[in-house]
């Protein structure tokens, strides 16, 4: 069975190349603008959506026996991984948001039902944890090497001093105040989390834009002509009935 994600992408590929050129440029410019200071998060060859974690023995056992009685989404996620579907396919196939998938992913990792190489240093894991709300802004920035451990510790100390004075300021604002990130950088992070909560609109990308063959065009024309003929015949019958009711002679 062809994957939904493959159908989605194939339909986009079916656009004429002159359309794809425009789409590519517009999307590239849009990503650069929105993730200006975090361009590495948009690297096409390294995305959380492409990940396909391995299900562990514990995970397979739980999927089979369902001893913990987890929510159905967890078992769906495990089965999808066993079917070798990646995060992108799982998300759109089940009409989830990326945040939904990230939350399930993080929980299954914590339970050791799925495994990821270099779990504690993997950038994609950090992205998933941030989207799922498991990782705070400062720690996330440290994990993706946008700030250092020393800078994060400095920001935490400064935040504590402000809290002691009764001034409760979020870590993101502290990082901006200390010059470790910019307003644009914060906007990018907020956008990343906000967009992850959105679902892919149903039917977007599923309607093929492939040009019909000559045979398909002729078949379509024949069906249209048949429908026109049927409507004309019905119209003629209705006219005759109307004239009969009104006693109108030909």
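Can you tell which of 89, 26, 84, 112 is surrounded by fewer than 18 Cβ atoms within 10 Å (Cβ to Cβ), in contact with a helix residue (DSSP H, G or I) (Cβ under 7 Å, 6 or more places away or on another chain) and either within 30 Å of residue 14 (Cβ to Cβ) or at pLDDT 95 or above (or both)?
Working: 89 fails: surrounded by fewer than 18 Cβ atoms within 10 Å (Cβ to Cβ); 26 fails: in contact with a helix residue (DSSP H, G or I) (Cβ under 7 Å, 6 or more places away or on another chain); 84 fails: in contact with a helix residue (DSSP H, G or I) (Cβ under 7 Å, 6 or more places away or on another chain).
One residue alone meets the criteria, 112.
Within region 29-40, count every residue that is without any contact (Cβ under 8 Å) to a residue 12 or more places away in the chain and exposed (fewer than 13 other Cβ atoms within 10 Å of the Cβ). Explain how you work it out, then say what you get.
Kept after step one, since they are without any contact (Cβ under 8 Å) to a residue 12 or more places away in the chain, are these residues of region 29-40: 29-33, 39.
Restricting the remaining residues to those that are exposed (fewer than 13 other Cβ atoms within 10 Å of the Cβ) gives 29-30, 32-33, 39.
Residues that pass the stated criteria total 5.
Assess whether residue 132 counts as being under 30 Å from residue 176 (Cβ atoms), under 16 Å from the mean Cα position of the chain (by Cα) and crowded, with 22+ Cβ neighbours inside 10 Å. If you could, list the steps in order and put the result at the bottom.
Details: under 30 Å from residue 176 (Cβ atoms): yes; under 16 Å from the mean Cα position of the chain (by Cα): yes; crowded, with 22+ Cβ neighbours inside 10 Å: no.
The answer is no for residue 132.
Residues 101, 95, 39: which one is under 23 Å from residue 198 (Cβ atoms) and modelled with pLDDT of 95 or more? Please lay out each step first, then the result.
Numbers: 95 fails: modelled with pLDDT of 95 or more; 39 fails: modelled with pLDDT of 95 or more.
Result of the check over 101, 95, 39: 101.
Please go through (1) modelled with pLDDT of 90 or more; (2) surrounded by fewer than 10 Cβ atoms within 10 Å (Cβ to Cβ) for residue 245 and return the number of the only condition it doesn't satisfy.
Here residue 245 meets the rest and fails (1).
Of the conditions (1) assigned to a loop (DSSP other than H, G, I, E, B); (2) modelled with pLDDT of 90 or more; (3) over 26 Å from residue 121 (Cβ atoms), residue 211 satisfies every one except a single condition; which number is it?
(2)
Just to be sure before I move on: is residue 71 touching a residue at least 24 places away in the same chain (Cβ under 8 Å) and surrounded by fewer than 15 Cβ atoms within 10 Å (Cβ to Cβ) in the structure I sent?
Working: touching a residue at least 24 places away in the same chain (Cβ under 8 Å): no; surrounded by fewer than 15 Cβ atoms within 10 Å (Cβ to Cβ): yes.
So residue 71 does not fit the description; no.
Run residue 168 past the list (1) in a loop (DSSP other than H, G, I, E, B); (2) within 30 Å of residue 49 (Cβ to Cβ) and report the number of the one that doesn't hold.
It is condition (2) that residue 168 fails.
The values are calculated or read from the model by the stated rules, or taken from the named source; none is laboratory data. Every value quoted in this text rests on a predicted model; they were computed, and no experiment measured them. Reconstructed Cβ throughout: ideal geometry from the backbone, glycine too, with neighbour counts over all protein chains shown.
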